[in-house]
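Student: One structure, pasted below without further comment.
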Amino acid sequence: MQTPTALVVLALAASLAACASAEGAADAGARPDAARLPDAAPLADGAPPGGDGGGEADAGSSGVGPVLNEVVVDNPEGDTCEYVEIAGEPGRDYSRFSILVLEGDLGADPGSVDRVIVAGTASAEGLWVSELLSGAIENGSQTLLLVADTSAGIGDDLDTDDDGTLDLAPWSALVDAVAITDDGISDVTYAGDAVLSRTFDGGNSYVRGASRIPDGADSDQASDWVRNSPTADGLPCADGTAAPGEALNTPGAPNAVKQ
């Protein structure tokens, strides 16, 4: 027969075990708001602020993930020669990757998706370039995100409170980002330090297009980029020639600077 003292000890032990079990269950459970954002790993080289998620997804045997390599968002002949280019591995299928163009002007719902451009298979030089687009890419402040496996569509708002930080990340990986801004005082971008302002290179005009020099250079800084010729030199809608020091417009071909 157990003594009264032993019974008290057993009861106390059972009570402590029940408390510990309940506390463990509470800790294991998710916070009420934990499901708002999809799970995503951090960028290997540091994610842009607000760029929840990302790593060099599907990098391939060389370990080199695709990057945004050249963008043209505006040109002098009615925006008929816009395009986006990515650089990666020769012949690799990048169809699981998309370029999201996000609004950046404060009065136009920052963070909303203006355009989704699905990538394809890289050339023998490791480049994939979109077709020449007409009036499809934002001309003001904007951010271009290269993402994998996205479910985002045109009109989706990824910055629900317009504070410059993405609240939604509907992709498995955020691989690369660059922003172009017209320097509106309240405009926002989502590409960390890779922001091409009017004066990022010592100039003082809106960046109509830009190229990574050399191809694929990626330090997540604006210094990776050289402003493209604003005359659209190299494109069907050209109305002049590039000046020395400007990048040529070279969709689907290696990037180059006019000497």
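Read the figures in this text as sums done on the coordinates, not as results from a lab. This one's a predicted model, so the numbers in the text were calculated from it and none came from an experiment. Cβ coordinates were reconstructed from backbone atoms using ideal geometry, including for glycine residues, and neighbour counts include every protein chain displayed.
Student: Just to confirm a number: summing +1 for Lys and Arg and -1 for Asp and Glu over residues other than ALA136 whose beta-carbon lies under 11 angstrom from that of ALA136, what do you get?
Tutor: Summing Lys/Arg as +1 and Asp/Glu as -1 gives -4.
Student: Grab the Cα-Cα distance for ILE213 and ASP183, subtract it from 0.36 nm times how many residues apart they are, and report the gain in nm with one decimal.
Tutor: Taking 0.36 nm per residue and subtracting the Cα distance, the gain is 8.5 nm.
Student: Next up: Grab the other residues whose beta carbon is less than 9 angstrom from that of THR250, score K and R as +1, D and E as -1, and report the net.
Tutor: Summing Lys and Arg as +1 and Asp and Glu as -1 gives -2.
Student: A further question on this structure: What whole number of Å gives the distance from the Cα centroid of region 174-193 to the Cα centroid of region 209-259?
Tutor: 19
Student: Right, something else. For region 67-227, give the share of DSSP beta bridges that are antiparallel, in percent and rounded to the nearest 5; count only bridges with both residues there.
Tutor: Of those bridges, close to 95 percent are antiparallel.
Student: How are the Cα pair distances of region 67-227 distributed, in percent, across 10 Å bins from 0?
Tutor: All Cα pairs, binned at 10 Å, distribute as 12, 43, 38, 8, 0 percent.
Student: OK, next. Arranged from highest to lowest average of other beta-carbon atoms within 10 Å per residue, in what order do the peptides 82-90, 65-73, 122-130, 147-155 appear?
Tutor: 65-73, 82-90, 122-130, 147-155
Student: Quick one: if the Förster radius is 30 Å, what FRET efficiency do VAL116 and GLN259 give, using the C-beta to C-beta distance and rounding to 0.05?
Tutor: 0.25
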